[in-house]
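Below is one structure; the comments refer to it alone.
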Amino acid sequence: MAEMNPVKKVRRDIKHPWGKSAPLDNEYLTRQAECFSNGVKISLETKLGKIKLRNPVMVASGTFGYAEEFAELVDLKKLGAIVTKTITLNPRKGNLPPRIVETPCGILNAIGLENPGVEDFIQEKLLFLKKIGVPIIVSIGGDKIEEFVELTRRLSKEEGISGLELNISCPNVQQATSHKPQATSQKLIAQDEDATYELVKAVRENTNLTLIAKLSPNVTDIVTIAKSAVKGGSDALSLINTFSAMAIDIETRKPKLGNIIGGLSGPAIKPLALKTVWEVAQQIDIPIIGMGGRLFEKK
Amino acid sequence: MIIQILSKVISNTQIVENYFKMCLDAPAVAQKAEPGQFIYVHTSDGYQPLLRRAFSIHNIRREKRENREQMEILYKVRGEGTRILVEKKAGEKLDIIGPLGKGFTLYPLPSTLYPVLVGGGVGIAPLVFLAQNLAKNQKPKTKNRILVLIGAKTKKEILCKDEFERLGCEVKVATDDGSQSFKGKVTELLEEILAPSSKLQAPGRELKKPVTCSLQPVACIYACGPSPMLKEIAQLAQQYKIPCQVSLEERMACGVGACRGCVLKVVPPPPSPLLRSPQDFIYKRVCKDGPVFETGEIIWE
Ligand SMILES: Cc1cc2nc3c(=O)[nH]c(=O)nc-3n(C[C@H](O)[C@H](O)[C@H](O)COP(=O)(O)OP(=O)(O)OC[C@H]3O[C@@H](n4cnc5c(N)ncnc54)[C@H](O)[C@@H]3O)c2cc1C
Ligand SMILES: Cc1cc2nc3c(=O)[nH]c(=O)nc-3n(C[C@H](O)[C@H](O)[C@H](O)COP(=O)(O)O)c2cc1C
Ligand code: FES
């Protein structure tokens, strides 16, 4: 965990347990913390806006489903908080398969925000999430500001939700409404400082829940976007979503993903993610949830 | 219950060129496993390859001396991950998650009807475990009531014939090059067997040569292999109106149903099949809702 605090104020989360064995346990963190504090016990408690976390270990949206899928494998109560797969207003079918391609030390994905829509999420998934006993952060997404606002209003009425993560940075839903493999260069909200500000502000005006804007690394200057999100009223930032990328099958000379382009994650992007976090952390004062290539390893 | 453990490799041996059998000490996984389910193996100790590799549970056997259940996988060396597996020695530890997925659901059959198991290449792997279970469920008197069709490229690559025979199955083999038994694809062999006992044979379709088989008529099909083969089997099953389940492969990430990365197009369930437009479909997850599916629900690409 040496890089747990690369700079002051930066929080790193540790997430998907697919690759390495992933105990995700508090004890391990505590032990590490003890090492760094010469045996003096330190608390791992941390705060994100109004949310109190027992420890700073969270899961990244989309890698952990709605937690129930991992219930038999991971002691969910040991997590600091759970972030759900991104939910949209209406159900989404997602992209054409193949949706996953392995690349050197990384994965390309183009799931395309497949999800049951907010109503089914509340009816079916939230019931389980509420019972776990750790803060639940619901990731929300959409094409327009109005969709985010409507989702926010709907979810703010429900009990058991501590915060909203605003996924304004998913690279896989460009043209997602048409169920066709398409790679367009339509702009993401998180690629425009004004749109980011407007969206965060509009959501802020409609909820008291803790807000976390999730930003895209596919920009020239992420600090500007981060500042817009802060100005709009974001309580914390999630850095970063995946890098827009693609892979080609040299035998068939065709793209490997059904959607042609996708998002790169995994250890391959860790140095890139780390630099982004560092850059933003120097300029803004709100907590940062770091992600990108973090796998949990027990040596 | 899904578990993640460091299991000890008991043995890892080549059975024919490029095909290996690995035996693992993982009683907790073995006890829960059902035919058609798989384990998800972390082949490397580092980040490359990053993702786990899926292998069907091939065989469960009880080790007499220690009275522990051991589990075998049968794998073909294909790429990076399987090449690392080949190097694993007895005594080394392997990080596995399992048992995962939904396996075969056994059709209830009267004793006058027989199931047929069709395996192509390394697709034979889950069928040995399935045959074990089918044999266990049959009454002793009705032994030898399972028909197994094995498809292989050449005589050298015929897998698991002895295992099936030991379980009392009737085994037929098809080789692509005709180096042993029936020359042709295993799907052709299947049709030779289905057609004579059925009036549903496609008109004008000439059968090569009658295959003698004591187990007719066949009542249901369980199959695993490359997807073009499974697609043909699904067509035969539909033509001959025989229920059929197949085990599919898709590229996976999480393996437990969380990421929706491994999806397959299927026909939406009732209640409104009549209102359904032909283009209508839903996605199911191969890792969690499968890997075994009824062929009737699959929308083939
Ligand atoms: C549910 C399930 C059960 C399986 N059971 C067995 C088994 O019992 N025995 C066995 O030998 N194999 C089995 N497989 C396939 C096995 O997972 C792949 O052979 C293995 O992942 C290849 O890994 P690799 O690193 O050696 O090859 P890679 O370097 O990953 O790939 C080598 C080649 O195989 C292709 N490939 C890799 N994975 C898949 C896949 N999942 N589907 C289609 N093509 C793929 C790649 O595109 C490439 O061309 C199963 C797969 C699934 C999904
Ligand atoms: C399969 C998969 C699905 C994802 N789905 C979402 C999603 O729905 N919403 C979202 O904000 N991020 C999603 N992400 C991005 C991750 O939350 C995370 O930002 C990214 O993977 C980088 O972190 P990592 O390298 O540590 O995985 C997804 C990533 C993967 C691999
Ligand atoms: S691999 Fe993640 S849902 Fe199947």
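Read-outs throughout are calculated quantities, based only on the coordinates presented, and are distinct from any laboratory measurement. No experiment lies behind these values; they were computed from the predicted model shown. All Cβ positions, glycine included, derive from the backbone under ideal geometry; neighbour counts span all protein chains shown.
Rounded to the nearest Å, what's the spacing between the alpha carbon centres of the stretch B:143-171 and the stretch A:84-159? Just the number, please.
When both Cα centres are located, 47 Å separates them.
Would you list B:Arg61, A:Arg204, A:Arg99 from fewest to most Cβ contacts within 10 Å?
Ranking B:Arg61, A:Arg204, A:Arg99 by Cβ neighbours within 10 Å, fewest first, gives B:Arg61, A:Arg204, A:Arg99.
Would you mind getting me the FRET efficiency between B:Arg83 and B:Asp162? Use the beta-carbon distance for r and R0 = 35 Å, nearest 0.05. Provide the component values of the computation, followed by the final result.
On the way: r = 27 Å, r/R0 = 0.77.
Plugging the Cβ-Cβ distance into 1/(1 + (r/R0)^6) gives 0.85.
Kindly express, to the nearest 10 degrees and within the range 0 to 90, the angle between helix B:125-137's C-alpha long axis and the longest C-alpha principal axis of chain B.
70 degrees
How many angstrom lie between the C-alpha centres of the stretch B:1-59 and the stretch A:224-299?
Measuring centre to centre over Cα atoms gives 32 Å.
Using a 7 Å offset from the Cα along the Cα-to-Cβ direction at both A:Lys77 and A:Asp221, what is the distance between the two label points in nm, to one decimal?
4.9 nm
So, R0 is 41 Å and r is the distance between the beta-carbons of A:Gln186 and B:Glu17; what FRET efficiency does that work out to, to 0.05?
Values: r = 50 Å, r/R0 = 1.23.
The computed FRET efficiency comes out at 0.25.
Using alpha carbon coordinates only, what is the Rg to Rh ratio of the stretch A:47-290, with Rh defined as the Kirkwood radius?
Answer for the stretch A:47-290: 0.94.
Given only helices, namely DSSP H runs of n ≥ 4 each adding -39500 (n - 2.57), what is the per-residue ellipticity at 222 nm of chain B, to the nearest 500 deg cm²/dmol? Don't jump to the answer; show the numbers that get you there.
On the way: 6 runs with 54 residues, N = 301.
Taking each H run of at least 4 residues, the total per residue is -5000 deg cm²/dmol.
Taking 25 Å as R0, compute the FRET efficiency from the Cβ-Cβ separation of A:Thr252 and B:Asp45 and round it to 0.05. Spell out each step's value before the answer.
Details: r = 32 Å, r/R0 = 1.28.
About 0.20, to the nearest 0.05.
Suppose each label sits 7 Å from its Cα in the direction of the beta carbon; what would the B:Arg68-A:Lys131 distance come out to in nanometres?
3.4 nm
Picking from B:Leu113, B:Tyr19, B:Val186, whose Cα lies most toward the positive end of the charge dipole for chain B (charges on Cβ: Lys, Arg +1; Asp, Glu -1)?
Working it through, the farthest residue towards the positive pole turns out to be B:Leu113.
Please order B:Cys220, B:Cys23, B:Cys254 by the number of other Cβ within 10 Å, starting at the fewest.
By the 10 Å Cβ count, ascending: B:Cys220, B:Cys23, B:Cys254.
How would you rank B:His42, B:His58, going from fewest to most other Cβ atoms within 10 Å of each one's own Cβ?
B:His42, B:His58
Quickly work out the A:Lys52-to-A:Trp278 label distance, labels modelled 7 Å from Cα along the C-beta direction, and quote it in nm with one decimal.
3.5 nm
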